[in-house]
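The values are calculated or read from the model by the stated rules, or taken from the named source; none is laboratory data. As the structure is a prediction and not an experimental result, all values here were calculated from the model. Using ideal geometry, Cβ is built from the backbone for each residue, glycine included, and neighbour counts are taken over all protein chains shown.
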Amino acid sequence: MAAIEILGLEKAYSIGFWRKRPKHALRPLDLKVEEGEIFGFLGPNGAGKTTTLKLLMGLIFPTAGSARILGMEVDDPRMKAQIGFLPEQPYFYDYLTARELLEYYGQLSGVEAKQRSSRVNEVLQRVGLPDVGGVQLRKFSKGMLQRVGIAQAILHDPKVVFFDEPMSGLDPMGRREVRDLMAQLKVEGKTVFFSTHILSDAEALCDRVGIIHQGELRGVGAVADLTSSVHGKVELVWQGTTVPASLRALGAECHITRDTVRAMLSEANQDAAIEALRRERLRLVSVTPVRTSLEDYYLQKLQPDNATVGVGAKA
Amino acid sequence: MNSRIAHIASNTFREAVRDRVLYNLIVFALLMSAAAVVVGQISIDIERLVVINLGLTAVSLFGMVIAIFIGIGLVSKEIEKRTLYTVLSRPVRRWEFIVGKFFGLAGTLAVNTFFMAIGVFVALLYVSHRFQKQDRWVLVALYFIILQFLIITALTLFFSSFSSPLLSAVFAFSLFVIGSFAEDLRGFAGMMHGATRWLATGAAYLVPNFSALNVITSVAHAQPVSGQLVLYNSAYALVYTAMAICGAVLVFERRNLK
Amino acid sequence: MSSSRWVTVVFSVFLAISLIASVLLQRGVDQLRTGATLEEVLYISSPQALKRLSLGYDGLLADIYWTRAVQYYGNKHHDGARRFDLLAPLLEITTALDPQLLVAYEYGANFLAPKPPNGAGMPERAIALEEFGIRNNPNAWQLYYNAGFIYYMELKDYAGAAKAFARGAQVPNAHPFLAILAGKMAEHAGDRQMARMMWGTSYQTTKDVNVRANAAAHLRALQVDEDVTNLEALTARYQQQTGRFPSSFSELEAAGMLRGTPRDPLGQSYKLMPDGSVDLRTPDDFPFIEKGMPAGYEPPLSPKILPSD
C-alpha cells in the first residue's frame, strides 16, 4: 500500500470580479509515495507545494480528483492519528508554554495520558529544546518555533510526516540538525513528504523528488536517476596549453588555465578525442563523465515547454 | 469525541484567561459598580435603584464587549493566523473544534460574569447593609445576562466561521443592538403590509430576542420575574445558541482555509 | 466525504429544528411579556433625562416610542380595555424626545382625551400635551386645533375651545376652518353641525390612518343620528296625519314624504320599527351613535372602527 496516493488532484480558484477567470493553483496531479520513502516536493514559491499539502491535510477542498494517505480518505480521523504536519511559518497559541502546547496537541492526537509527559519531554529533547518547556511561546525565536513545529508533528509517533519548508528560519546548524532528524525518521520506518525550494537539502535527503511549477508536476524520479540522466558529456583534462584542431572540430568547449586544458564534449566523441590527444602526444590527466546536478535538472524542468513527467516516474 | 471537545474547550478557556484584555475589562466593570455607589449617594432613596441599574447595565455591556472580542480573537484570529492548521491536521473534526470553542468561551464568560457580579453584590451590600429578599431577582437578571452572552458568543462564532475579525465584530455588535429592540421590530413588522410584512416579521423572529432577556429595569424596581419567563427564556437561549452553532458548523465544514 | 455528509445532514436538521423552536418560544415569550417592555415607561420619571441619555439619537428613540404607543393603543382598544394607563407616558416621552412629531399630538387629542373604551380618558393631560407641543411648535396650527378639539369634545369648555381655535386661526397658513369654528362657537356650541365640522376637519387634515378612521366613524355616527332624527320626525308626522305608524318606507314614499329607501352611511337600508322608531340593521358597525340603536342593544366592549377609505 502506498503511503500517499494522489489521483488527479486539482485546485482551481475563480478570481476576477464576476468570478469568471479560473486560476489553477494545482493542475491535475498524479503522484504516489511509498512507505518508508523520503520524498521531496520541489518548486519555486507559488508553485503549488503548499496548496498540495493543504489539500492533503483537508484544510482546503479539491475541485477535482482525490487523495489517500495510508489507504484512507483525507478527512478520516483514523488516518489523521497517524500523520504529522508542520505548516510553513507556523504560528502557535502565544500564551501557552511549549510543554502545554505539546500536551494539548498530544491530547488531541489521542496520546495516552500516562505516556504524554514523557513523550513531550522526549520530543523536546529530540528537537533540541530541552530546557524551554516552561517558557511561553510568544517568547520563542523563529528558529525555536520551527523546532516546536517539528516536535508537534512527530509527537504522537506518526507513520507519515508532512513538512512544509522545514528549514525555513533555521541557521545552518539548525538545518543540519533537522536534516539529521529527518534521516533518523526514515530509519525509524516513517515516510517523510516535504516541500522545499532548497535543492541541496533535497539532494542530500530524498529518495525521490517531484518538481512542481505553476501548479503542474514537471518531473518525478529518484535523485540518482535524475542526476545521471541524459546529458552524456565527458570532461577531458590534459597538460599543456594547446587544443588540437581535431578536437575543436568535434565540438569541444575548452577552458585553458596556466598549464592545463579542460574540455567538454559529448560522450560519443570520447574515444575520438582521446585518440587525437594521443596523436599529439598530449598528456591526459583525467576523463570524467559529467553528471547533471539536481539543479540543472530542476532549472531545466522549470522551462515553460517542459511539461512531461520524467525518468523513473511511478505513475 | 467528547474528550477532544473537552480539551479544546479547556484550552480555549486557558487562552482567554491569559489574554490580559479580559482583566482590564473586568476591572473596568468593577469600577463602574463602585461609581454606582458614589452616584447613588446623591439621593438616598434611589441608591439601590442606581446600583442595580448601573451595575447590571455595566455587566451586560462590558460582558457583551468581552464576549465579542474574545469570540473573535479566539476563532477568526485562529483562522487568520493559521494556528488552526496544526489542530485540524490531527484527528479533530471540524465540528468538534467549533463546539469545543463554544464551550470554552461560554465557560470563560460565565466565570467573567461571576466576578463582575461579585462587584455588583458588594456594591448592593454596601448601600443596603444587608441582603434583602428582592435581591434574588438580581440573580435572575444576571442569569438572563449570561444567557445573552451565550447567544452573542454563538453568533460571534457563526460570523467568525466565514468572515474577517473586524466584520464579525461589526455583525455581532449590530445584532446585539437590533436584538435589544426585537419586540419593537415585531411591532414595526405588524404595521406593514404585504410582502414587506412577511420579510420584516421573518427578520424580527430571526434576530436574537435580547429585549426579553433584559429585566434590569424591573428588577431594579424590585419587581419579581415570573418562573415561566425564566423557563421560556432558558429554552429560547438554548435553542437560539444551538441554531447559531449549527450554522457555524455548516459553514465551517466547507470552508477553504487560507 | 461521507463523514462530512453525515455532519452536514445532522447539523442541518438541528438547525431547522432550533429555528422552528426559537420562533415558537418567542411567541410564547411575547405572550408572557405583553406590555412588559411598555411598562418600563412608568419608570421613566424624567423624559428629559431620557432625551439626554439617547446621545443624539432621540429621533430614532422617539420613533420607537411612537411605534410602541400606536401598538399599545391598538392592542388595548382591540381588547376592549377600560384603562389605558400607559398611553399618556408613552405620548409624553415620544414628544419629549421629538417635539416636532405632530402626529403624536393628534393621538393626544383623539385617543388620550376621550373616555374609555375609545380612549384613555385623560383630557387634562392631553391639553398639557398640546400646550407642550404649542410651546415647541408655535406655528403649527394643528396643535391649536387639537387643543380646541379637546376643550370642545371632552371638557365641554366651549369658551376655551373658541379661544384655542382663535389662537390657531392667527397662525400663518392656518386651515381656514379654524376661523370659522371660532366664529360659530357662540351660536352653535354643542350642536351637531359643529361636531360635523370638527370631525370633518380632522378627517380631511390628518395623515394618520387611525385618526382618519376614527374621524370617519364619528362622521358616520353623526350622519346616522341625523338620519334617524329626521326619519323619526317623518314617522311621527305620518302618525299624526294617518293615525298609525307606517309599516314600511314605501308608505312614506307614497305619502310623498320620502324619496327612495333611506340607507345608512354603509349602504344598508334602515329598519322601520312598528312603534315608529328607526333602527340600524348592523348597529355594531356604528360606534358613537346616540340614536338608531335597537331596544336593549348593548354596544360591544371594543368599538369597531372600520378602516377608512
>> Scan segment C:235-250 and tell me whether some residue there is in contact (Cβ under 8 Å) with a residue 40 or more places away in the chain, loosely packed, with under 15 Cβ neighbours inside 10 Å and of a type outside the set (Asp, Glu).
In response: yes
> In segment A:108-145, what residues are in contact with a strand residue (DSSP E or B) (Cβ under 8 Å, 6 or more places away or on another chain) and either assigned to a helix (DSSP H, G or I) or not assigned by TED's automatic domain parsing to the domain that holds A:LEU86 (or both)?
Replying inline: A:LEU137
>> Filter segment B:188-224 down to the residues that are assigned to a helix (DSSP H, G or I), in contact (Cβ under 8 Å) with a residue 24 or more places away in the chain and more than 9 Å from chain C (Cβ to nearest Cβ) and list them by number.
In response: B:ILE216, B:VAL219
> Could you say which residue among B:GLY190, B:GLY227 is buried (at least 16 other Cβ atoms within 10 Å of the Cβ) and either in contact with a Cys (Cβ under 8 Å, 6 or more places away or on another chain) or at negative phi (or both)?
Replying inline: B:GLY190
>> I'm checking my understanding of the structure. Among residues of segment A:134-144 that are in contact with an Asp or Glu (Cβ under 9 Å, 6 or more places away or on another chain) and either surrounded by 14 or more Cβ atoms within 10 Å (Cβ to Cβ) or on the phi > 0 side of the Ramachandran plot (or both), which one is modelled with the lowest pLDDT?
In response: A:GLY143
>> Please list, ordered by residue number, the helices (runs of 4 or more DSSP H) wholly in segment C:57-169 having 1 or more residues that are closer than 22 Å to C:LEU222 by Cβ.
In response: C:58-78, C:102-107, C:123-136, C:141-153, C:158-169
> Does C:GLN31 satisfy the condition of being modelled with pLDDT of 85 or more, facing chain B (nearest Cβ under 10 Å) and within 30 Å of B:VAL239 (Cα to Cα)?
Replying inline: no
>> Can you tell me which condition B:MET116 does not meet? The list is (1) within 13 Å of chain A (Cβ to nearest Cβ); (2) buried (at least 21 other Cβ atoms within 10 Å of the Cβ), and all the others hold.
In response: (1)
> among the hydroxyl-bearing types (Ser, Thr, Tyr), at pLDDT below 90 and farther than 18 Å from A:VAL209 by Cβ - does that describe any residue in segment A:12-24?
Replying inline: yes
> Out of B:VAL99, B:VAL92, which single residue is outside any helix (DSSP H, G or I) and either on the phi < 0 side of the Ramachandran plot or at pLDDT 90 or above (or both)?
Replying inline: B:VAL92
>> So the check is Cβ under 7 Å with 6+ separation or different chains; which pairs have a first residue in segment A:88-113 that's more than 10 Å from chain B (Cβ to nearest Cβ) and hydrophobic (A, V, I, L, M, F, W, C) and a second one that's assigned to a helix (DSSP H, G or I) and crowded, with 17+ Cβ neighbours inside 10 Å?
In response: A:ALA98/A:LEU124; A:ALA98/A:LEU137; A:ALA98/A:VAL148; A:LEU102/A:VAL120; A:LEU102/A:VAL123; A:LEU102/A:ALA151; A:LEU102/A:GLN152; A:VAL111/A:ARG119
> Quick check, is B:SER161 modelled with pLDDT under 90 and buried (at least 22 other Cβ atoms within 10 Å of the Cβ)?
Replying inline: yes
> Counting only residues that are more than 24 Å from B:GLN223 (Cα to Cα) and either at pLDDT below 75 or in contact with a strand residue (DSSP E or B) (Cβ under 9 Å, 6 or more places away or on another chain) (or both), how many does segment B:30-72 have?
Replying inline: 0
> Can you pull out the residues in segment B:225-250 that are within 7 Å of another protein chain (Cβ to nearest Cβ) and of a type outside the set (Phe, Trp, Tyr)?
Replying inline: B:SER226, B:GLN228, B:LEU229, B:ASN233, B:ALA235, B:VAL239, B:ALA242, B:MET243, B:CYS246, B:GLY247, B:VAL249, B:LEU250
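Let's see how each residue does on (1) surrounded by 21 or more Cβ atoms within 10 Å (Cβ to Cβ); (2) in contact (Cβ under 8 Å) with a residue 24 or more places away in the chain; (3) more than 14 Å from chain B (Cβ to nearest Cβ):
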{"site": "C:LEU55", "(1), (2), (3)": "no, no, no"}
{"site": "C:VAL103", "(1), (2), (3)": "no, yes, no"}
{"site": "C:ASN110", "(1), (2), (3)": "yes, yes, yes"}
{"site": "C:ALA113", "(1), (2), (3)": "yes, yes, yes"}
{"site": "C:GLY119", "(1), (2), (3)": "yes, yes, yes"}
>> Being in contact with a Phe, Trp or Tyr (Cβ under 8 Å, 6 or more places away or on another chain) and polar (S, T, N, Q): is that true of A:THR260 here?
In response: yes
> What do you reckon, is A:ILE212 out of contact with any Phe, Trp or Tyr (no Cβ under 6 Å at 6 or more places or on another chain) and surrounded by 18 or more Cβ atoms within 10 Å (Cβ to Cβ)?
Replying inline: yes
>> Give me the residue from segment B:85-96 that is of a type in the set (A, V, I, L, M, F, W, C) and either surrounded by fewer than 22 Cβ atoms within 10 Å (Cβ to Cβ) or at the interface with chain A (Cβ under 7 Å from one of its Cβ atoms) (or both) and, out of that set, farthest from C:THR8 (Cα to Cα).
In response: B:VAL87
> Looking only at residues in segment A:59-77 that are more than 7 Å from every other protein chain (Cβ to nearest Cβ) and not in a strand (DSSP E or B), which one is nearest to A:GLY110 (Cα to Cα)?
Replying inline: A:ASP76
>> Of everything in segment C:182-200, what is under 21 Å from the mean Cα position of the chain (by Cα), in a helix (DSSP H, G or I) and not basic (Lys, Arg)? Give them in sequence order.
In response: C:GLN193, C:MET194, C:ALA195, C:MET197, C:MET198, C:TRP199, C:GLY200
